[in-house]
Amino acid sequence: MHCDAVKSRVCGTGCHKNLATSIRTSIIKLPGSDGSRSDAADTYCESWRLAVETNNAGAWDVLPSSCVDSVARYFNGDQYGSDYYVIVDYALAFAKTVKISGDGKDVWIFDIDETLLTNIGYYRAHGYGSEPFDSKSFNEWVVQGTAPAFAASLRMYNALKKLGFTIILLTGRDEDQRSFTEANLRDVGYSGWERLILRGPDDQGKSATNYKLEQRSKLIDQGFKIHGNTGDQWSDLLGFAVADRSFKVPNPMHYIP
Ligand SMILES: [Mg+2]
């Protein structure tokens, strides 16, 4: 008996059985969907990383233990640096289209940690984000002031200055870390920022999203135009008073709400 999707609506039980078989054989199975996830860990972890970077994963807690090796290879291989360079190239291409007014109000905002500075040395010693975030040990790392710059970020930072942008740094670090942070930034080559905004006493307890959107709103109230914003967290970029273009740099190690 001939049977296709249209005819199956009117033919007998045997036809439906044939159609069901045909549909089953047309479905592409995802790696690991048959329970053999350990064999497909790399593929799954790449998909997980994409979901995180696009914010499809939403809020997440710690890096899945099955993905630690995959994320370690990502950071220690060429892909992480390459991803950064591509994003920077797109950001600079956009920046070159912005008409700079010359009044000092044309702003580009940068986050600091995992955006201008890399703390991979810290995270390498703490399971690449598979351990719950420990603010005490991270702050002990911060005060050492030894975080290297991302080469791509430094290139972008200097290019934006040359184009005439006013650079504003907006970080979740606390105000009492100002001197260590400034010294670290200068030591690795950053200079000439207009402002460095850190969490003050009134910002404690606020989500990063709320703290940062409030600070961006203040800048707009002061007449600044926020053309670009670069951060490794969606909380650096979302909310209101958003930049004309936001550029998310990769970070599959932690999620900050
Ligand atoms: Mg950051």
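Each value in this text was obtained by applying a stated rule to the coordinates, not by laboratory testing. None of the values given here were measured: they were computed from a predicted structure. Counting neighbours? That spans all protein chains shown, and the Cβs are built from the backbone with ideal geometry, glycine included.
Each peptide in 249-255, 74-80 receives the mean, over its residues, of other Cβ atoms within 10 Å, and ordering these scores from highest gives 249-255, 74-80. Anything over 20 Å Cα to Cα? Flag those among Lys96/Lys212; Lys105/Lys162; Lys99/Lys162; Lys136/Lys218; Lys96/Lys161; Lys162/Lys225, in the order listed. As for pairs spanning more than 20 Å Cα to Cα, those are Lys96/Lys212; Lys136/Lys218.
Set the Cα radius of gyration of segment 105-257 against 2.2 N^0.38 Å, with N its number of residues, and you get 0.98. Asn76 sits among other residues whose Cβ lies under 13 Å from its own Cβ, and their net charge, with Lys and Arg +1 and Asp and Glu -1, is 0. Among 192-202, 111-121, 134-144, sorting by the average number of other beta carbon atoms lying within 10 angstrom of each residue, highest first, gives 111-121, 192-202, 134-144.
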